[in-house]
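Only one structure is covered here, and it is reproduced in the block below.
Every read-out reported here was derived from the displayed coordinates using simple, explicitly stated rules and does not represent laboratory data. Predicted model only: the values in this text are computed from it and were never measured. Virtual Cβ from ideal backbone geometry, glycine too; neighbours counted across all protein chains shown.
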């Protein structure tokens, strides 16, 4: 009796330390650190009704004094995004830019089973604050494109999460007080925020 072959995962996009050097808190450490593998992105595992399903795995590493993270980005247009933590613990740092200044900044701590909605016009970075791999899923419009340039220009988001807690990024003229918000226990019923506009 033949068994069905498991569907093959698409090849992972690997993000290395060299890809993140412009957005790290500990620039001194990064100058001599090896080009480590930091996280893996599996894009397009499913696609339905113009929403793409991806999975990202962030390894548990310290980037000098900073916890492992994604590079972080804004979206072009008014696209949102929905995440779910599949395994591990995550911190989602979100900030909204208005007239070249940060208009809002907050973070969400999330654990396995929690959902995090990224509102349109918010940049976001995902941090692994633990000693275990972090596995997250996301739903996004395949038409959504990422803007990394604005984050690179400021050497990261307005805060870094380090072994001493949150540190302000001095490359921002004004850094707002960081707020905490709660993760969602269920996905939003209305997912229109994912579709955005160009």
(message) Of the residues 79, 74, only one is surrounded by 15 or more Cβ atoms within 10 Å (Cβ to Cβ), in contact (Cβ under 8 Å) with a residue 12 or more places away in the chain and assigned to a loop (DSSP other than H, G, I, E, B); which?
(response) 79
(request) Look through 121, 157 and report the one residue that is surrounded by 16 or more Cβ atoms within 10 Å (Cβ to Cβ) and within 27 Å of residue 28 (Cβ to Cβ). (result) 157
(request) State all residues of the stretch 42-65 that are part of a strand (DSSP E or B) and more than 17 Å from residue 132 (Cα to Cα); if no residue qualifies, say none. (result) 42, 43, 44, 45, 46, 47, 48, 51, 52, 53, 54
